[in-house]
Amino acid sequence: MFSPIVITKLFIPQPHPELVHRPRLLAQLNQGLTRKLTLISAPAGFGKTTLVADWAQRLQLSDTRMAWISLDKDDNDPSLFLTYLIVAIKQVGGIHENLAESLQDMLQSPQSPPIKDIVTTVINAVAELSSRLIIVFDDYHLIEERFVNEALVFLIEYLPPQLHLVIVTRDDPYLPLARMRAKGEMNELRAADLRFTTVEIQEFLQQKLGVDLSLDEIAGLEMHTEGWITSLQLVATSIKGHDDAISIIQGFRGGNRFVLDYLLEEVLHQQPQYIQNFLLQTAVLNRFTGSLCEAVCFSLAETDGNSTRIAKGQQILEELEHANLFIVPLDNERRWSVSYT
């Protein structure tokens with residue numbers, strides 16, 4: 001069946017004119033081009049897409065092309081996912097137009113060839129390029145289909161040296177990350193890397209708000225926001241219409257209504273019900289273990305269709321860590337964790 005594509009999903013987002021440029025992170029992205037994969041994995045609101053879009057604009061390499069795919073839930077259809085991949089590569093001259101159209105026809109036919117055959121053809125086409133090709137998969141956390149993940153694993157396994165993949169996601173994808181990390185094939189940026197530094201917070205306040213704070217005041221704001229970019233944007237929203245901007249900045253806390261609205265809409269409401277219940281019931285804890293969470297929770301029942309099972313506290317904590325839901329382990333055994341919201 002014919003499935004039209006949304007061509008704007010292949011456009012590289014335009015950085016905001018008031019963007020705070022981040023040379024240290026751009027340098028890390030450039031250095032990672034010698035590896036197979038760059039993984040940018042962090043919770044909502046850490047500026048992942050903005051950073052990569054800015055990098056795309058500033059990539060001063062004449063022999064490098066960049067293809068961009070903004071993913072959504074519909075792309076869990078393997079044929080549609082591969083169609084976007086092929087068209088994105090074709091648009092930047094990474095695959096001949098006739099071959100791209102032939103592959104698209106195959107994907108639309110009732111007797112579509114195996115996914116690996118399509119990916120193999122793409123690999124062979126890219127391997128003939130004389131220039132480097134970067135493919136960005138934005139919002140990869142929306143991909144849950146096993147066959148799509150398997151296609152990407154196969155692509156990574158046989159990646160030609162000219163090709164570099166960038167995955168931008170809120171959750172760690174189900175890829176062989178541990179193996180790639182051990183072999184030095186992966187460049188990683190996580191929440192700790194993406195947090196605004198004191199200097200970047202100062203630049204943001206001066207550039208966006210025209211506000212000059214002392215170093216002590218900036219340090220206080222950094223402590224309350226923990227460098228979370230969205231919270232700084234919400235500081236700016238809170239100030240609109242107020243004369244005393246500095247007092248509002250000094251009094252900014254995580255309980256700010258704009259922060260709460262964002263967390264509810266972008267984070268909490270996106271989770272399954274059992275995760276929402278778990279987060280609400282354990283919100284009284286600053287540090288926690290699986291057994292401690294079980295002690296304070298009324299129920300850890302997880303419903304899947306018509307069946308219900310009881311999830312263990314440690315299992316849910318590991319799910320939250322995998323999903324980058326604002327917790328970090330405090331030891332190498334992942335026994336104790338802490339929330340940083």
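The values are calculated or read from the model by the stated rules, or taken from the named source; none is laboratory data. Keep in mind that this is a model prediction, so the values were computed, not measured. A quick note on method: Cβ atoms are made from the backbone with ideal geometry, for glycine too, and the neighbour counts reach across all protein chains shown. Ligands, DNA and RNA are stripped out before the accessible areas are found, and what is left, the full protein with its side chains, is counted by its heavy atoms. Shrake-Rupley method; radii C 1.70, N 1.55, O 1.52, S 1.80 Å.
For segment 33-72, the carbon plus sulfur part of the accessible surface works out to 40%, probe radius 1.4 Å. Multiplying the residue separation of Val153 and Gln281 by 0.36 nm and removing their Cα-Cα distance gives an extension gain of 42.4 nm. Between Arg24 and Gln273, the FRET efficiency estimated from the beta carbon spacing at R0 = 56 angstrom works out to 0.90. Relative contact order of segment 97-207: 26 percent, from C-alpha pairs under 8 Å at least 6 residues apart in sequence.
With an a/c value of 1.5 or above and a/b larger than b/c for the gyration tensor axes a ≥ b ≥ c computed over the alpha-carbon atoms, segment 112-217 is described as prolate.
Ligands, DNA and RNA aside, Phe137 has an accessible area near 0 Å² when probed at 1.4 Å. Multiplying the residue separation of Asn98 and Ser112 by 0.36 nm and removing their Cα-Cα distance gives an extension gain of 3.3 nm.
Each Lys and Arg contributes +1 and each Asp and Glu -1, all at the Cβ; summed about the Cα centre of segment 18-68, the dipole is approximately 180 debye. A protection proxy built from the mean count of other Cβ atoms within 10 Å ranks the segments 81-89, 273-281, most packed first, as 81-89, 273-281.
Legend: distances between Cα atoms for Lys36/Lys312; Lys90/Lys116; Lys9/Lys36; Lys73/Lys116; pairs beyond 30 Å are Lys36/Lys312.
Where a ≥ b ≥ c are the square roots of the eigenvalues of the C-alpha gyration tensor, would you call segment 32-107 rounded, which needs a/c under 1.5, or, failing that, prolate if a/b is larger than b/c, or oblate?
Verdict is oblate for segment 32-107.
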